[in-house]
Amino acid sequence: GGVGMADGDSLLSVDYEVFGKVQGVFFRKYTQGEAKRLGLVGWVQNTSHGTVQGQIQGPTARVRELQDWLRKVGSPQSRINRAEFSNEKEITALEHKEFQILK
């Protein structure tokens, strides 16, 4: 056991919504791929108003990396206007088994 876990070791949960040209450009598939590469769990789905939303859970440092990716990178064909994050909180255990695309 470690005394005083470093911030990067604690588990974080955060909701996100990405605005711009993010539907019909494989945004969900790329988000899932990036999340899996980072070892994160959660979900991603298209909304009825043309955005992509979901939740990310995992080690804080990795969550920050995906937040950065959602803000600036996205899928090759996407054009991101902005990404909004909400309901950020520390969790004691992951609430998802994997990172999935919801229909």
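The values are calculated or read from the model by the stated rules, or taken from the named source; none is laboratory data. Treat the numbers as computed from the prediction; the structure is a model and nothing was measured. We place every Cβ from the backbone using ideal geometry, glycine too, and count neighbours over all the protein chains shown. To get the accessible areas, we keep the full protein, side chains included, count just its heavy atoms, and leave off ligands, DNA and RNA. Shrake-Rupley method; radii C 1.70, N 1.55, O 1.52, S 1.80 Å.
Key figures
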{"quantity": "Given (1) in a strand (DSSP E or B); (2) open to solvent by 30 Å² or more (accessible area, probe 1.4 Å); (3) touching a helix residue (DSSP H, G or I) at 6+ places or on another chain (Cβ under 9 Å), number of the condition VAL14 does not satisfy", "calculated": "(2)"}
{"quantity": "GLN53, sole failed condition from (1) under 14 Å from GLU17 (Cβ atoms); (2) open to solvent by 70 Å² or more (accessible area, probe 1.4 Å); (3) in contact with a strand residue (DSSP E or B) (Cβ under 7 Å, 6 or more places away or on another chain)", "calculated": "(2)"}
{"quantity": "Selection status of LEU70, part of a helix (DSSP H, G or I), in contact with a Phe, Trp or Tyr (Cβ under 9 Å, 6 or more places away or on another chain) and within 16 Å of SER10 (Cα to Cα)", "calculated": "no"}
{"quantity": "Pairs with Cβ under 9 Å, 6+ apart, first in the stretch 1-22 and at pLDDT 95 or above, second β-branched (Val, Ile, Thr) and open to solvent by 30 Å² or more (accessible area, probe 1.4 Å)", "calculated": "LEU11/THR92; VAL18/ILE80; PHE19/ILE80; GLY20/ILE80; LYS21/ILE80; VAL22/ILE80"}
{"quantity": "Identity of the residue in the stretch 74-103, within 14 Å of the chain's Cα centre (by Cα), of a type in the set (Gly, Ala, Ser) and surrounded by 13 or more Cβ atoms within 10 Å (Cβ to Cβ), that ends up farthest from GLN57 (Cα to Cα)", "calculated": "SER75"}
{"quantity": "Filter pass, ILE56 being touching a residue at least 60 places away in the same chain (Cβ under 8 Å) and either touching a Pro at 6+ places or on another chain (Cβ under 9 Å) or not in a loop (DSSP other than H, G, I, E, B) (or both)", "calculated": "no"}
{"quantity": "Close pairs (6 angstrom Cβ cut-off, 6 or more residues apart or separate chains): charged (D, E, K, R) in the stretch 63-88, open to solvent by less than 70 Å² (accessible area, probe 1.4 Å) anywhere", "calculated": "GLU65/LEU38; ARG71/ALA83; ARG79/GLY20; ARG82/PHE19; GLU84/GLU17; GLU88/VAL14"}
{"quantity": "Sole exception among (1) in contact (Cβ under 8 Å) with a residue 60 or more places away in the chain; (2) among the hydrophobic types (A, V, I, L, M, F, W, C); (3) in a helix (DSSP H, G or I) for ALA93, by number", "calculated": "(3)"}
{"quantity": "Matching option when the condition is under 22 Å from THR92 (Cα atoms), open to solvent by less than 40 Å² (accessible area, probe 1.4 Å) and at pLDDT 95 or above, among LEU40, LEU70", "calculated": "LEU40"}
